[in-house]
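Q: This is the structure I have questions about; it appears just below.
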Amino acid sequence: MLPRTIVRTRHVRPPPTLLLLRRGYASSPGSTATPTPETTPSSESGSGSSGKKSRLLKASFGYGFFVSLGWVLADNYRESRRPTVQCESASTTAKPTPTTAAAASAAHLASPTDDPLIFNRTIKDTEAETFTRQAGAASKKAISRVVEGLKEKMGGHGVSAAAAGQQDTHHPARPKEYDDPQNPMRIRMSTWVMALQDHIVQGLEQLESSVPPNTYNSSATAPTFHRDHWLRPQGGEGSSCVLANGRVFEKAGVNVSVVHGTLPPAAIRQMKADHKSLVTGEEDKEKSLPFFAAGISIVLHPWNPHAPTVHLNYRYFEVDPPSTPQSALDTTNTGGTATTTTTDQEPLAWWFGGGSDLTPSYLYPEDAEHFHNTLKSSADAHHRAYYPVWKKWCDKYFYIPHRGESRGIGGIFFDDLTSSSEIHAVSSAAAALSSSSSSSAEGEGEGVVQQGKSILRQGVQAGENELEKIRSKIESILPSAAQSSSAAQPSSAAQPSTTTSSTITITNPRATNTNPSADDIFRLVQTMSSSFLDSYIPIMHRRIHMPYTEEERRWQLLRRGRYVEFNLVHDRGTKFGLFTPGARIESILMSLPQTARWEYMSDMGAAGSGTREEELMKVLKSPVEWASV
């Protein structure tokens, strides 16, 4: 194969007015450069001085415009007469042809001047990229200095450095927010998912930038997420961050929604079937009820068939009394700092839900073990009863009945998690019997009790060092409201978590309380969701550079077809969103892959074929216990 060659000629030259302003001079046509009025003392005052400054500034920019136009015309003329120089691509591995080799070893043609921003050279592609980036960064700094200087001279009100320091580095338009336990849970969860979105988007963009330009995306600029903030007419808002045709991901989405509205009686009756915590009085049986929901949803589809697709979703839902006004559910104007008011009431019901699961096209046991071990370690930090139950729930939920197989190799999944959830009864029964001398149990609960006693023997509470790591990670994503004073307070890693302190405490909610509070479960959700990058990025670093064949790509697209089938036919969240009035369809269908494939009676992965595709199918039909920690 002949080497691919790229013809690139770099010409980076700042406007002459910019150079003059940077040196403190301004010029007018027909005169030599003289110091600008801003740089020399002026004996004039009032309107005369102002008019002189204005005339000089206009003359400078006018002169700069015409000189720049002359430069452009001259450059175009020289380009038309300059012979083409071919530069070898940095990614080319084939042996170069004599013509390319001669061009690649050509001497540099440099035209340095007294200003480092002005240069005109034809060099190798990688060096040209470096010079261009340096010149672009220097130009931005120079323009910023000029603009800020003009604002100060003209009495403008620029953003102070102190104010700029309060902005979130991931999303400059969003002020830095903090978690305050005194706020209602709807505000705390809304603040958390927005901060987590920025954290995960930044991590994924770093992964994209770590890979050089390739056949998927040949741009010299690393791909970034497209941010789309939207408002829901019926109440609420959301932020969709989507990346398509990147260097690593064919399609990636990180969505946040914070919505509120009213549930009609029919919707409430349907919701009660899946959420036992939703109990309403007789007087509210035929009434519409206010609701609030906040959540984050992530779906990543890589290009490489050896790199797995991953999904994450965590959410908070509450149903409020009929007297609750919609304004009390609106978190858009709070900025994460609202305090409880007389309009805030205890919700009729609340619960958390979510999970994360992995969907590979080719099975790598070490990847499956890493993913599940990360999830189990995070869950075990709160209670060892969580992961085994939620892992089985995930295998059951992501099953495709009409295909007789799972969507992927699972992870964790839970729903309707509240203080009175049944999962807490397993550890409660085991705790009650752990001090008993009885070594066996009778009746239907024997299996549950034995499982609970086995869990307790492994140890209920995670070590203090692990809890400290979790606390630090959460603080790095969303600091507490009193983070500045938390250093002076003693560590509370081994103490029961409370809602009276604004510092973050991560404890085992089952160690001292048989009914964990909303704050305890919120900390659990923070722990699980903040471990997402740790569970996925190491796998991607192992797989994204692996070579693959067209047949492997074909199998990946067939598995993507299964992904589409599950999401559109069986996924409760997708169906709920599609049938919700005012729903944002683009965000709901973000989870679907950009490309998929269906084949009639495909022979790939058939039983007895002895292929790697069959190896995956065996696991999808019979789930495996992957966790080893």
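Q: For the range 207-253, name all the residues that are closer than 25 Å to SER531 by Cβ, touching a helix residue (DSSP H, G or I) at 6+ places or on another chain (Cβ under 9 Å) and not in a loop (DSSP other than H, G, I, E, B).
A: Result: LEU207, ARG227, GLY238, SER239, SER240, CYS241, VAL242, LEU243, PHE249, LYS251, ALA252, GLY253.
Q: Among the listed residues GLU625, GLU613, identify the single one that is closer than 25 Å to TRP303 by Cα and either over 23 Å from the mean Cα position of the chain (by Cα) or not assigned by TED's automatic domain parsing to the domain that holds VAL310 (or both). It would help to see each step written out before you state the result.
A: Numbers: GLU625 fails: closer than 25 Å to TRP303 by Cα.
Going through GLU625, GLU613 in turn, just one is closer than 25 Å to TRP303 by Cα and either over 23 Å from the mean Cα position of the chain (by Cα) or not assigned by TED's automatic domain parsing to the domain that holds VAL310 (or both): GLU613.
Q: So in the range 572-592, with the set limited to residues that are buried (at least 19 other Cβ atoms within 10 Å of the Cβ) and not β-branched (Val, Ile, Thr), which one is farthest from ASN245 (Cα to Cα)? Quick ask: steps written out before the conclusion?
A: Taking the range 572-592 as the starting set, the residues that turn out to be buried (at least 19 other Cβ atoms within 10 Å of the Cβ) are 584, 587-588, 590-591.
Those still in the list that are not β-branched (Val, Ile, Thr) too: 584, 587, 590-591.
Values: ARG584: 23, SER587: 18, MET590: 14, SER591: 15 Å.
Checked the range 572-592; the qualifying residue farthest from ASN245 (Cα to Cα) is ARG584.
Q: Among (1) modelled with pLDDT of 95 or more; (2) in a helix (DSSP H, G or I), which single condition is LEU363 missing?
A: All conditions pass for LEU363, except number (2).
Q: Kindly establish whether SER190 is assigned by TED's automatic domain parsing to the domain that holds THR309, touching a strand residue (DSSP E or B) at 6+ places or on another chain (Cβ under 9 Å) and outside any strand (DSSP E or B).
A: Numbers: assigned by TED's automatic domain parsing to the domain that holds THR309: yes; touching a strand residue (DSSP E or B) at 6+ places or on another chain (Cβ under 9 Å): yes; outside any strand (DSSP E or B): yes.
The answer is yes for SER190.
Q: May I ask you to verify whether HIS229 is of a type outside the set (Lys, Arg), within 30 Å of PHE292 (Cβ to Cβ) and without any contact (Cβ under 8 Å) to a residue 12 or more places away in the chain?
A: On the way: of a type outside the set (Lys, Arg): yes; within 30 Å of PHE292 (Cβ to Cβ): yes; without any contact (Cβ under 8 Å) to a residue 12 or more places away in the chain: yes.
The answer is yes for HIS229.
Yes or no, residue by residue, for (1) within 16 Å of VAL319 (Cα to Cα); (2) hydrophobic (A, V, I, L, M, F, W, C):
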{"position": "GLU208", "(1), (2)": "no, no"}
{"position": "VAL211", "(1), (2)": "no, yes"}
{"position": "PRO223", "(1), (2)": "no, no"}
{"position": "LEU231", "(1), (2)": "no, yes"}
{"position": "LEU263", "(1), (2)": "yes, yes"}
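Q: Something else now. Give me a count of the residues in the range 538-552 that are part of a helix (DSSP H, G or I) and crowded, with 16+ Cβ neighbours inside 10 Å. Write out each step before concluding.
A: Taking the range 538-552 and keeping what is part of a helix (DSSP H, G or I), we get 538-543, 550-552.
Now drop any that are not crowded, with 16+ Cβ neighbours inside 10 Å, which leaves 539-540, 543, 552.
So the answer is 4.
The values are calculated or read from the model by the stated rules, or taken from the named source; none is laboratory data. Computed from a predicted structure; not experimentally measured. With ideal geometry, Cβ positions are generated from the backbone for all residues, glycine too; neighbour counts draw on all protein chains shown.
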